[in-house]
Amino acid sequence: MTKRIFHSICIAAAAVLAAAVVLFLCVLYNYFSETQFSQLKVQTDMAAQGVSIAGEDYFNGLDTKKYRVTWVDEDGSVLYDSRSDTSDMENHMEREEIKTAFETGQGESKRYSSTLMERSLYYAKRLKDGTVLRLSVSQNTVPALLLGMSYPMCIIIIIILILSVVLAKRLSKSIVNPLNSLDLERPLENEGYDELSLLLRRIDSQQKELKYQSDKLQRKKNELDTVVDSMNEGIILLNSRNQILSINHTASNLLGISSDPVGEDIYEVCRNLALQELLSKAQDGVRTEKIIDFADSYYQVDASPICSGERVAGIALLFFDVTEKEKSEQMLREFTANVSHELKTPLHSIMGYAELMAKGIAKPEDYVRFAERIHTETRRLVQLVDDIINLSHLDEGAVGMQREEVNLYTLAKAAVKSLEPEAESAGVALSLEGEDVFLTGIPQLLQSIIYNLCDNAVKYNRRGGKAEVEITDGAAEAVLSVRDTGIGILPEHQNRIFERFYRVDKSHSKAVGGTGLGLSIVKHAAKIHNAKIELSSVMGEGTTITVKFPKNKI
Ligand code: ADP
């Protein structure tokens with residue numbers, strides 16, 4: 001812009017200066033021509049008087065360097081000429097100024113030389129004796145003048161050009177400087193050209209609009225980021241080159257990414273083969289989903305290609321947490337398999353004995369023994385079915401069971417009493433200590449917790465051992481503690497004994513009538529009461545299981 005302004009000013013200044021010089025020259029030339037002509041007239045008048053008085057003698061000693069003097073007779077013949085010999089001169093009657101002077105008393109004319117480089121001014125005056133006196137003077141024409149002044153003209157042109165360049169430079173700078181120093185961040189604070197105020201106001205309003213729009217966008221983006229980041233579902237967006245465009249916290253955690261992976265290749269940050277398989281299918285334009293195991297959790301991963309025409313422009317990966325569903329399905333599968341297995345064994349055994357008896361293969365003396373076995377197996381079956389029913393009831397959240405104020409000690413007393421025959425036949429001293437402790441709970445479930453723990457303390461004990469039940473009243477919790485001096489549980493089994501059908505020693509459990517569901521029922525019933533279970537056990541010395549019921553939170 002500075003260059004354009006500079007060039008324009010340069011050209012304009014040079015043109016104006018040049019025009020001014022030419023016009024000035026013309027005006028001056030005219031002025032001097034007029035002056036010269038007036039002088040010519042005065043000189044002619046003076047010479048006419050001289051000739052009228054002195055006749056031809058007047059010309060003697062006359063200085064005619066400046067002017068040419070010609071004296072013409074009435075017939076046009078030249079009587080005197082200051083420059084030429086009169087005998088060689090032609091008749092002057094037809095000369096314009098002379099002709100006019102003969103007719104009107106005075107005449108004038110201007111004539112150019114053949115080269116147009118010179119111009120002659122003529123003034124003629126008729127004398128009283130009828131003759132005509134003419135004076136003429138030569139002057140250079142404008143081209144001749146210019147030609148003659150070529151050297152000073154060159155210097156003038158150079159000065160004009162230098163002046164134009166300097167002026168143009170200064171002017172263009174002074175024009176552009178305020179534009180360059182405009183503060184577009186704060187357009188209205190600029191003090192420059194008034195002509196720019198409209199533009200600056202427009203810029204200011206557009207800036208405000210832009211800021212409003214970008215703030216709005218930023219707010220929306222922040223909101224979206226917050227929502228996406230706080231989602232339990234993972235989201236990853238990839239471009240066509242498999243670079244990560246966006247990833248939320250859940251997805252980062254799942255892939256074990258600690259730093260910001262935006263812009264990185266997904267294959268470099270994720271080594272999960274199952275996921276890579278999904279990605280390669282999505283790249284082929286096929287939407288695929290799969291349940292993938294990430295450490296302890298299961299996620300259903302959806303890989304959807306984002307298509308632009310025929311081309312896959314990106315991939316959206318969605319991770320849905322299906323751990324609970326997967327685990328419960330797995331548990332259900334295991335439970336069904338375990339139940340079938342647990343039911344099949346006693347049923348086979350019952351069927352076998354019954355068959356022996358029905359076909360008469362069994363000896364009469366074995367009948368009582370077989371009937372007892374059938375009875376034992378049937379009791380086990382009934383116990384198993386009871387436990388399964390209880391457990392499934394607990395799985396449903398103990399619907400329909402009423403909570404009420406109960407005395408834990410009274411419940412423990414009843415459980416101990418009902419187990420006394422078993423304890424006696426096992427040679428275990430079963431005792432109860434403690435005090436009345438009241439809490440709000442479901443009596444049937446509290447009863448089954450105490451019963452199962454006491455039952456185990458008797459079952460997995462040794463002859464002559466002890467099983468002690470204690471009920472204590474804590475400030476915020478009611479504590480049930482069942483301590484035995486039994487066989488104990490190895491540390492690696494301690495966490496697992498609360499799983500369904502888990503038994504440390506299957507044959508021993510079966511021998512003592514266990515179903516493998518007792519502690520599962522205890523765990524679920526405790527959970528419904530928000531109670532905490534603690535277990536400590538030493539092999540060969542005994543086990544203590546403590547259940548702490550919060551009094552307020554039940
Ligand atoms: P079961 O019906 O077999 O007793 P439980 O769920 O009550 O099933 O117990 C699971 C397993 O935990 C038992 O088979 C047993 O091996 C072990 N167990 C439970 N209580 C005790 C205890 N007090 N002492 C030793 N082992 C125990």
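What the table below lists for this structure:
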read-out	value
Range of Cα positions in segment 424-554 per principal axis (Å), largest first	41, 28, 25
Accessible area expressed per residue, segment 394-535, with surrounding protein chains retained (probe 1.4 Å, Å²)	47 Å²
Square roots of 5 times each gyration tensor eigenvalue, C-alpha, segment 219-279, largest first, Å	21, 13, 10
Unit Cα scatterers, Debye sum, segment 42-104: log10 I(q)/I(0) for q = 0.14, 0.25, 0.26, 0.29 Å⁻¹	-0.41, -1.28, -1.35, -1.44
Cβ crowding within 10 Å averaged over residues, with 247-259, 301-313 ranked highest first	247-259, 301-313
FRET efficiency, M149 to K173 (Cβ-Cβ, R0 30 Å, nearest 0.05)	0.30
Inter-site label distance for L210 and S280 at 7 Å from Cα along Cβ, in nm	4.7 nm
Spherically averaged projected area in nm², based on the convex hull that wraps the Cα atoms of segment 66-154	6.6 nm²
Spherically averaged projected area in nm², based on the convex hull that wraps the Cα atoms of segment 343-410	7.5 nm²
Cβ crowding within 10 Å averaged over residues, with 354-366, 420-432, 89-101 ranked highest first	89-101, 420-432, 354-366
Links that overshoot a 18 Å alpha carbon limit, given the list K41/K66; K290/K325; K325/K527; K466/K510; K41/K125	K325/K527; K466/K510
Extension gain from V399 to N222, taking 0.36 nm per residue of separation minus the Cα-Cα distance	59.3 nm
Degrees between helix 323-358 axis and first principal axis of the chain (Cα, 0 to 90, nearest 10)	20 degrees
Acute angle (nearest 10 degrees) that the helix 443-459 long axis makes with the longest principal axis of the chain, alpha-carbon atoms	60 degrees
Two-decimal ratio, the chain, of alpha-carbon radius of gyration to 2.2 N^0.38 Å	2.67
Radius of gyration and maximum dimension Dmax of segment 203-349, Cα, Å	22.0, 95
FRET E, pair E90, A12, Förster distance 51 Å, beta-carbon r, rounded to 0.05	0.40
Where only alpha carbons of segment 311-380 are counted, the Rg and the Dmax (Å)	24.9, 85
Full-extension gain in nm, D436 to D293, via 0.36 nm per residue minus C-alpha separation	46.6 nm
Helix-only mean residue ellipticity at 222 nm for the chain, each DSSP H run of n ≥ 4 adding -39500 (n - 2.57), per residue, nearest 500	-17000 deg cm²/dmol
Added length on full extension, which subtracts the Cα-Cα distance from 0.36 nm per residue, M357 to R202	45.1 nm
Percent carbon-and-sulfur accessible area, the chain, ignoring ligands, DNA and RNA, probe 1.4 Å	55 percent
For segment 1-159, Kirkwood radius (reciprocal of mean inverse C-alpha pair distance, Å)	18.3 Å
Base-10 log of normalised Debye intensity for segment 296-412 (one unit scatterer per alpha-carbon) at q = 0.18 Å⁻¹	-1.02
Rh (Kirkwood; distinct C-alpha pairs) - segment 163-276, Å	19.1 Å
In nm, spacing of pseudo-spin labels at S240 and A475 (7 Å Cα→C-beta vector)	6.9 nm
Compactness of segment 1-78 as Cα Rg over 2.2 N^0.38 Å, two decimals	2.14
Sites matching GluC sites (Glu not before Pro) across segment 162-224 that sit in DSSP coil, with at most 14 neighbouring C-beta atoms within 10 Å	E185, E191
Debye log10 I(q)/I(0) at q = 0.14 Å⁻¹ for segment 202-249, Cα point scatterers	-0.53
Segment 17-61 - convex hull of the alpha-carbon atoms, volume per residue in Å³	60 Å³
Viscosity 1.306 mPa s, temperature 10 °C, Stokes-Einstein D of segment 485-552 from Kirkwood C-alpha radius, µm²/s	124 µm²/s
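The values are calculated or read from the model by the stated rules, or taken from the named source; none is laboratory data. Given the structure is predicted, the values throughout are model-derived calculations rather than measurements. In this analysis, Cβ positions are derived from the backbone assuming ideal geometry, glycine residues included, and neighbour counts consider all displayed protein chains. All accessible areas refer to the heavy atoms of the entire protein, side chains included, with ligands and DNA or RNA removed. Shrake-Rupley method; radii C 1.70, N 1.55, O 1.52, S 1.80 Å.
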